[in-house]
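Here's the structure we're looking at; comments come further down.
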Amino acid sequence: MNKKMIFRWVKLFILLYCGVGIAFYYLYEKILFLPKALPENYQYHFRSKFTEKNIRYDDQTNFNIIQFSSTDTSTKGIVLYFHGNKENINHYAQFAEDFIDKGYEIWMPDYPTYGKSTGILNEKILYEEAMQVYQLARIKYKPEQIIIYGKSLGTGIAAELASIRDCKRLILETPYKNIPSIFQQYLWMYPVNRMIRFKIPTNEFLTKVVAPVTIFHGTDDRMIPYKNALQLKETLKGIDEFITIKSGEHNDLNAFPLFRNKLDSLLNL
């Protein structure tokens with residue numbers, strides 16, 4: 001291969017490398033966040049009894065929350081549920097039944113640009129929304145009655161809240177070490193940590209969580225690989241648990257008896 005041919009291949013590689021890097025830099029948020037907005041007058045319809053609540057944060061930011069009521073005769077407490085990156089509460093409301101028949105209210109907030117929530121989506125506002133929801137819950141419930149629950153994207157948000165506020169327990173379903181680490185495994189040749197502004201370092205938050213922590217993760221998860229979540233083990237305390245769901249994928253853990261039985265036992269504590 002002559003020098004001219006080598007130069008052409010090097011040039012092609014550089015162009016390809018730069019092209020993919022630039023595309024990722026500008027498009028990664030469209031991969032990370034998949035919101036589905038709803039009009040302000042949209043009417044929710046759920047099988048379970050619920051109340052809709054709005055927290056007006058500033059002139060452009062509104063946090064929309066669906067509050068599902070417990071179906072038990074007595075209410076043990078509340079679950080603050082921070083959902084994944086898809087659509088809106090309509091997509092996650094099906095999971096409310098896992099909690100309401102165990103004596104818990106469950107509140108599901110939508111992030112800005114999701115559902116009926118509005119405002120600019122950034123990392124700071126995700127944490128601020130979680131805090132606003134927690135403060136609202138504290139009007140009615142004591143910390144020892146509050147379970148903070150995160151699913152997928154929401155696990156980092158839930159961990160951040162539990163790291164600065166007391167709660168009964170933190171439960172994380174399919175968590176990640178941090179956002180850059182998810183992309184880095186596919187784009188190992190790029191300085192991903194410098195290219196994206198969303199960090200959400202779950203691993204750092206967990207070191208500051210005082211409450212018991214339970215983590216669920218499936219071995220066949222292709223969205224947030226099992227090996228990524230395993231890195232969180234080193235942040236756990238002696239009272240914490242990392243529960244492996246063999247053959248579990250990213251969105252089907254609820255179908256496994258181990259997951260359901262363990263979750264039921266946690267809610268009955």
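The values are calculated or read from the model by the stated rules, or taken from the named source; none is laboratory data. Small disclaimer: the values here were computed from a predicted structure and weren't measured. A quick note on method: Cβ atoms are made from the backbone with ideal geometry, for glycine too, and the neighbour counts reach across all protein chains shown.
Which pairs have Cβ atoms under 6 Å, sit 6 or more apart or on different chains, and link a residue in the range 159-184 that is free of Cβ contacts under 8 Å to residues at least 40 places away in the same chain to one that is among the aromatic types (Phe, Trp, Tyr)?
Sorted first by the residue in the range 159-184, then by its partner, the pairs are 165/134.
Cβ contacts < 8 Å: first residue in a strand (DSSP E or B), restricted to the range 62-80; second residue of a type in the set (Lys, Arg) and surrounded by 15 or more Cβ atoms within 10 Å (Cβ to Cβ), any location; separation 6+ or different chain. Result?
As it stands, the answer is 62/116; 64/116; 77/168, since those pairs meet every condition given.
Tell me which residues, restricted to the range 78-96, are out of contact with any Cys (no Cβ under 9 Å at 6 or more places or on another chain) and either under 13 Å from residue 133 (Cβ atoms) or surrounded by 24 or more Cβ atoms within 10 Å (Cβ to Cβ) (or both).
If the condition is that a residue be out of contact with any Cys (no Cβ under 9 Å at 6 or more places or on another chain) and either under 13 Å from residue 133 (Cβ atoms) or surrounded by 24 or more Cβ atoms within 10 Å (Cβ to Cβ) (or both), then 78, 79, 81, 82, 83, 88, 89, 96 are the ones that fit.
So residue 214 ticks every box in (1) over 20 Å from residue 163 (Cα atoms); (2) surrounded by 13 or more Cβ atoms within 10 Å (Cβ to Cβ) but one. Which box is left unticked?
Here residue 214 clears every test but (1).
Can you confirm whether residue 13 is outside the structural domain of residue 156 (by TED's automatic domain parsing) and either out of contact with any Ser or Thr (no Cβ under 7 Å at 6 or more places or on another chain) or surrounded by 15 or more Cβ atoms within 10 Å (Cβ to Cβ) (or both)?
When the stated conditions are applied, residue 13 passes them.
Residues of the range 155-176 being in contact with a Pro (Cβ under 8 Å, 6 or more places away or on another chain) and charged (D, E, K, R), which ones?
Across the range 155-176, the qualifying residues are 165, 166, 168, 169.
What pairs come up if the first residue lies in the range 129-142 and is in the same structural domain as residue 159 (by TED's automatic domain parsing), the second is of a type outside the set (Val, Ile, Thr) and in a helix (DSSP H, G or I), and their beta carbons are under 7 Å apart, counting only those six or more places apart or on different chains?
130/160; 130/161; 131/161; 134/161
Where in the range 163-230 are there helices (runs of 4 or more DSSP H), lying wholly inside it, with at least 1 residues that are in contact with a His (Cβ under 6 Å, 6 or more places away or on another chain)?
226-230
When the residues of the range 16-51 are narrowed to those that are of a type in the set (A, V, I, L, M) and not in a strand (DSSP E or B), which ends up surrounded by the most Cβ atoms within 10 Å (Cβ to Cβ)?
Once the filter is applied, the top-ranked residue is 38.
Considering only the range 97-136, state which residues are of a type in the set (S, T, N, Q) and crowded, with 24+ Cβ neighbours inside 10 Å.
117
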